[in-house]
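> Submitted below is the structure of interest, expressed as structure tokens.
The values are calculated or read from the model by the stated rules, or taken from the named source; none is laboratory data. The structure displayed is predicted, hence computed values, not measured ones. For neighbour counting, all protein chains shown are included, and Cβ atoms are generated from backbone atoms with ideal geometry for every residue, glycine included.
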Amino acid sequence: MLTTECNGEPYIHMLDGYLTWHWQYDGQVPAFPAVYGGAIQMFGRAYGGGETRNLALRMRAGQQLVFGEQIGWIAPGTVLEKENGPFFHDVVLLRRKLVRYFASGEMARPPRLVGTVPTVRADWQWNGVDWVTTNAVLTGAWHQPASRRLVLVFVNVSDQPVTAQVDFDARVYGFAGKGLSLTRITPAGKDDIVPEALQVLREATFPPRSAWAWELVEKKGGTASLSGPFQK
């Protein structure tokens, strides 16, 4: 495969991968992967140092996950560090479980968290001092229309649990009827959730330094519907 140094848009039809090295700024939105996700693979950020480097690493890795990028570019020893090694390990494992969405799927509109969601702020050290603020819980959504699957991704990059309501309308993506299975995917495995219990998931608590996803799949022979936290 052929990859680039950064993501020059005019060449996207000639290449397989784009280095997203300079996606480092405050207020970033995933406009690029929303358009080109699944058409080209995106990888890598510059992970700087500084006094807030540990929080900045979690913010970058979490944003990379929900944006659909391959996690890194970092020193290999990071995975052994006590401070961020377990978090980084979990984010990479979760991405591996969801990789088909990023490789051949489409980005959907991220779920919105309703309630008091704190923010975090760290110096990402891009071309000097570069302070970036994001929500403590980062969210993303990816869709595989052909296989009738959709996944919602959540990453709490902070040191505190966050409780909020999840607002997501999946009718936009064709889930309207009956026959939905819901699975919670964590770095450690999967847990089936009874569809009738969707209402209890309207309010969710996101543990500190954690990453997990809800996968929605239309059962064979049925049409899927969403209620509770996933339907306005």
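> Where in region 82-194 are there strands (runs of 3 or more DSSP E), lying wholly inside it, with at least 3 residues that are within 30 Å of residue 17 (Cβ to Cβ) and aliphatic (A, V, I, L, M)?
Values: elements: 106-108, 112-114, 119-123, 131-135, 137-144, 149-156, 162-167, 180-186, 189-193.
Filter on region 82-194 gives 137-144, 149-156.
> Every residue in region 89-134 that is more than 22 Å from residue 215 (Cβ to Cβ) and within 15 Å of the chain's Cα centre (by Cα), please.
Within region 89-134, just 134 meets the criteria.
> Still on this structure, please answer the following. Does residue 158 fit the bill of being within 12 Å of residue 58 (Cβ to Cβ), in contact (Cβ under 8 Å) with a residue 24 or more places away in the chain and of a type in the set (Ser, Thr, Tyr)?
yes
> Starting from residues that are of a type outside the set (Val, Ile, Thr), at pLDDT below 95 and assigned to a helix (DSSP H, G or I), keep the ones in region 55-78 and report whichever is farthest from the chain's Cα centre (by Cα).
In this case the residue turns out to be 77.
> Which residue, of 162, 157, is aliphatic (A, V, I, L, M), closer than 12 Å to residue 66 by Cβ, surrounded by 20 or more Cβ atoms within 10 Å (Cβ to Cβ) and modelled with pLDDT of 95 or more? Don't jump to the end; show me each part of the working.
On the way: 162 fails: closer than 12 Å to residue 66 by Cβ.
Selected residue: 157, the only one of 162, 157 that is aliphatic (A, V, I, L, M), closer than 12 Å to residue 66 by Cβ, surrounded by 20 or more Cβ atoms within 10 Å (Cβ to Cβ) and modelled with pLDDT of 95 or more.
> What do you reckon, is residue 69 of a type in the set (D, E, K, R) and within 21 Å of residue 84 (Cβ to Cβ)?
Judged against the criteria, residue 69 is a match.
> Tell me the residue from 184, 149 that is surrounded by 14 or more Cβ atoms within 10 Å (Cβ to Cβ) and within 22 Å of residue 208 (Cβ to Cβ), please.
Just one listed residue meets the conditions, 184.
> Looking at region 1-53, which of its residues are in a helix (DSSP H, G or I) and either touching a residue at least 60 places away in the same chain (Cβ under 8 Å) or basic (Lys, Arg) (or both)?
Once the filter is applied, which keeps residues that are in a helix (DSSP H, G or I) and either touching a residue at least 60 places away in the same chain (Cβ under 8 Å) or basic (Lys, Arg) (or both), region 1-53 yields 33, 34, 53.
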